[in-house]
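Worksheet for the structure shown next.
The values are calculated or read from the model by the stated rules, or taken from the named source; none is laboratory data. The structure presented is a predicted model; accordingly, all values stated were derived computationally and were not measured. In this analysis, Cβ positions are derived from the backbone assuming ideal geometry, glycine residues included, and neighbour counts consider all displayed protein chains.
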Amino acid sequence: MDDSDIIGLYFSRDERAISETAGKYGRLCKSIASNILKNDSDAEECLSDACLAAWRAIPPARPDDLCAYIARITRNLALNRLRSSKRKCRGGGTDTALNDDILPAESLDTLIESRRAAEVINRYLYGISAEKRKVFVMRYFFCDPVNDIADCLGMSVGQVKMSLFRTRKELKKLLEKEEIEI
């Protein structure tokens with residue numbers, strides 16, 4: 001089933017949308033979550049949570065690219081879960097739901113600055129070669145290990161590391177030029 005059909009299922013509130021999404025993108029989502037969380041059962045839960053989040057968001061949202069949409073949801077959920085588990089490990093395991101509702105996690109200035117940084121990064125990524133962009137996105141968005149990136153793209157581990165190093169260096173220079181704090 002193609003993405004437009006799956007999105008149509010979401011809009012008609014047909015529960016098959018969830019199973020179709022999990023069937024088509026489950027492996028990718030579990031891989032993203034597993035790379036971040038290093039735990040298969042947590043990765044499985046992130047997939048379930050991502051499908052539920054998509055169910056709640058579509059409609060009104062109508063994603064242009066369902067794969068990118070569900071991958072981003074999964075990544076954000078996995079990062080939130082990782083932050084939460086680190087907080088609990090530091091002894092801050094008290095319930096902060098009330099505080100989260102009352103106090104925003106970020107100030108408006110921080111949010112605006114992070115969006116501006118995202119725009120600069122996206123502009124940079126669209127200006128570099130497709131291979132460099134793939135390496136960078138696989139490493140820093142999908143959190144793939146360097147060895148896996150090398151295998152997937154037919155490169156040596158050293159080539160991947162050098163590509164990442166040079167890309168980070170160029171990006172850092174651009175961010176500094178744009179006066180964005182790193």
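Here are a few things to note about the model shown:
- Residue within the range 27-41 that is over 16 Å from residue 144 (Cα atoms) and not polar (S, T, N, Q) present: no
- Qualifying residue in the range 44-53 (condition: at pLDDT 90 or above, more than 16 Å from the chain's Cα centre (by Cα) and at negative phi): yes
- Selection count where residues are of a type in the set (S, T, N, Q) and either more than 27 Å from residue 84 (Cβ to Cβ) or not assigned by TED's automatic domain parsing to the domain that holds residue 73 (or both), scope the range 1-48: 3
- Where a residue in the range 64-85 is farther than 15 Å from residue 22 by Cα and its partner, wherever it lies, is modelled with pLDDT of 90 or more and among the basic types (Lys, Arg), with Cβ under 6 Å and at least six apart: none
- Any hit, the range 71-91, residues being surrounded by fewer than 20 Cβ atoms within 10 Å (Cβ to Cβ), under 21 Å from residue 144 (Cα atoms), among the small types (Gly, Ala, Ser) and at pLDDT below 90: yes
- Long-range neighbours under 8 Å by Cβ, at least six apart or interchain, first residue within 12 Å of residue 136 (Cβ to Cβ) within the range 153-168, second loosely packed, with under 14 Cβ neighbours inside 10 Å: 153/131; 163/131
- Condition check for residue 39: of a type outside the set (Lys, Arg) and modelled with pLDDT under 90: yes
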